[in-house]
1. Name the single residue, out of those in the range 84-110 being outside any helix (DSSP H, G or I) and surrounded by fewer than 24 Cβ atoms within 10 Å (Cβ to Cβ), that is modelled with the lowest pLDDT.
2. Among the candidates Val356, Val346, single out the residue that is within 18 Å of Arg303 (Cβ to Cβ), buried (at least 20 other Cβ atoms within 10 Å of the Cβ) and under 15 Å from the mean Cα position of the chain (by Cα).
3. Among all residue pairs at least 6 apart or on different chains, which show Cβ distances below 6 Å where the first residue, located in the range 6-33, is hydroxyl-bearing (Ser, Thr, Tyr) and surrounded by 15 or more Cβ atoms within 10 Å (Cβ to Cβ) and the second is modelled with pLDDT of 80 or more and part of a helix (DSSP H, G or I)?
4. Quick one: Leu10 ticks every box in (1) touching a helix residue (DSSP H, G or I) at 6+ places or on another chain (Cβ under 9 Å); (2) in a helix (DSSP H, G or I) bar one, so which box is it?
5. It is to be established whether one or more residues within the range 251-269 are among the aromatic types (Phe, Trp, Tyr) and either closer than 25 Å to Val352 by Cα or without any contact (Cβ under 8 Å) to a residue 40 or more places away in the chain (or both).
6. All but one of (1) over 29 Å from Leu45 (Cα atoms); (2) free of Cβ contacts under 8 Å to residues at least 40 places away in the same chain; (3) part of a helix (DSSP H, G or I) hold for Glu313; which doesn't?
7. What about Met70, is it of a type in the set (A, V, I, L, M), in contact (Cβ under 8 Å) with a residue 60 or more places away in the chain and surrounded by fewer than 17 Cβ atoms within 10 Å (Cβ to Cβ)?
8. Tally the residues that are outside any helix (DSSP H, G or I) and of a type in the set (Gly, Ala, Ser), restricting the search to the range 141-197.
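The values are calculated or read from the model by the stated rules, or taken from the named source; none is laboratory data. Bear in mind that the values here come from a model prediction, so they are computed numbers and not experimental data. When we count neighbours, we look across all protein chains shown, and the Cβ atoms used for this are built from the backbone with ideal geometry, even at glycine.
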Amino acid sequence: MEWITLILFLSVFLLILYGYPVAFTLGGLSAIYALCFLPTDALSLLALRIQGVMSNYVLLAVPLFVFMGMVLERSGLAERLLETMALLFGRMRGGLAVAVILVGAMLAASTGIVGATVVTMGMISLPVMLKRGYKTELATGVIASSGTLGQIIPPSIVLILLGSVLNVSVGALFKAALLPGLLLVGLYILYVLFRAHFRPGDAPPVSEEELRAFRAEGMGRRIVLAFLLPFCLIALVLGSIFGGYATPTEAAGVGALGAVLLSLLQGKFTFEMLREVSRETTLLTSMVFFILLGATTFSFVFRELGGDIYFVELIEGSGLSPNAFLLLVMLLVFFLGFFIDFIEIVFIVVPVVAPVFIRHDINLVWLGLLLAMNLQTSFLTPPFGFSLFYLKGVAPEEVSTLQIYRGALPFILIQLLVLALVMFFPEYFL
């Protein structure tokens, strides 16, 4: 049985890397192993397990938060937010880059999806930054790194899925992730300001003509509509969760409704936009839940075959300390982040390694936070980081892949610094 579980685990990864659909590889291969090696009454338990997953109330937050972010993006609210923030910080050198970081953080808090944030920011802000004389490496680094904030800043889809897999409170994960997320935003901004101070040509300020036109067009009204209202919506969503007034699912419903009302208030709401947003939300949610069903089947079969017990005994027999095993898992997740999406990593790797951490009384909230930050860094690291590929796909032709890689390096070092702080000083973050 030990060899069977090992072959199952390795064959799933090989087929996924070969290009087979993740959901059907997980579910189909696991079902074949169940039919061959498990008693027939185990299959009825599998049906009950799947029914339990599909009735999980917390997972309803996933489509609602996705819908909220899609509305803010497709209605043009994100573009107006960036324009307004850029002009607010226009007097300082690097002000536009600071605005991109802050807007990226707000979009991360609304979408929770790296690809959507990077593509949106790349399409909106990269041409503007290049036109205003920003150094290409700085502009691409700012956009790619701020896009990955969606992995860690609540309400992150990654944290919701990790909470479900690790069986810990999603609200507790949100609270734990807030400080590291804000710390990353602050360090990004400090780096930009220092670079703009010592290399003024890399990040020039906005021209006086643009600032005068901004004031003449009704600056106060634009600030309220484009910045304060979206900020209040995000604060309401997170505040209701942290204050214990609403569950993440209830807060997601408030956020989805609030995003629609904001688009109506600004005259951006159309039924065509609603149709597109609903379609994209349905497609993305269906993909997540198909993978979830396949991963549930894999996890059930793996444990019924005794894989979790065998894995725990293998680690304990190897003499690895809990910290050494944690480092090993972090390295594995980091390299897997180059090749497969976070959803597959959460649903395949985490259920397998979680029993070892439970056996050693490791704080699972801390573990979930470390895994989310690890994936965030992996998505930004050359040469395979997903965030860099997303940005290259929407960047102008004159922006080379090497420039995007060089631009990401300082922000990778910042992320590694914060990850190390969370790993070695968990008492300050939990």
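1. Taking the range 84-110 as the starting set, the residues that turn out to be outside any helix (DSSP H, G or I) are 89-94.
Among the residues that remain, those that are also surrounded by fewer than 24 Cβ atoms within 10 Å (Cβ to Cβ) are: 89-93.
Numbers: Phe89: 72, Gly90: 66, Arg91: 71, Met92: 77, Arg93: 82.
Result: Gly90.
2. On the way: Val356 fails: under 15 Å from the mean Cα position of the chain (by Cα).
Matching residue, one of Val356, Val346: Val346.
3. Short answer, once both residue conditions are applied: Thr25/Leu15; Ser30/Thr297; Ser30/Phe298; Ser30/Val301; Tyr33/Leu8; Tyr33/Val301.
4. (1)
5. From the range 251-269, those among the aromatic types (Phe, Trp, Tyr) are 269; that's our starting set.
Adding the requirement that they be either closer than 25 Å to Val352 by Cα or without any contact (Cβ under 8 Å) to a residue 40 or more places away in the chain (or both) leaves none.
No: zero hits.
6. Just one mismatch for Glu313, condition (1).
7. Values: of a type in the set (A, V, I, L, M): yes; in contact (Cβ under 8 Å) with a residue 60 or more places away in the chain: yes; surrounded by fewer than 17 Cβ atoms within 10 Å (Cβ to Cβ): no.
Judged against the criteria, Met70 is not a match.
8. Pass one, the range 141-197, residues outside any helix (DSSP H, G or I): 152-156, 167-169.
Remaining after also requiring of a type in the set (Gly, Ala, Ser): 156, 169.
So the count comes out to 2.
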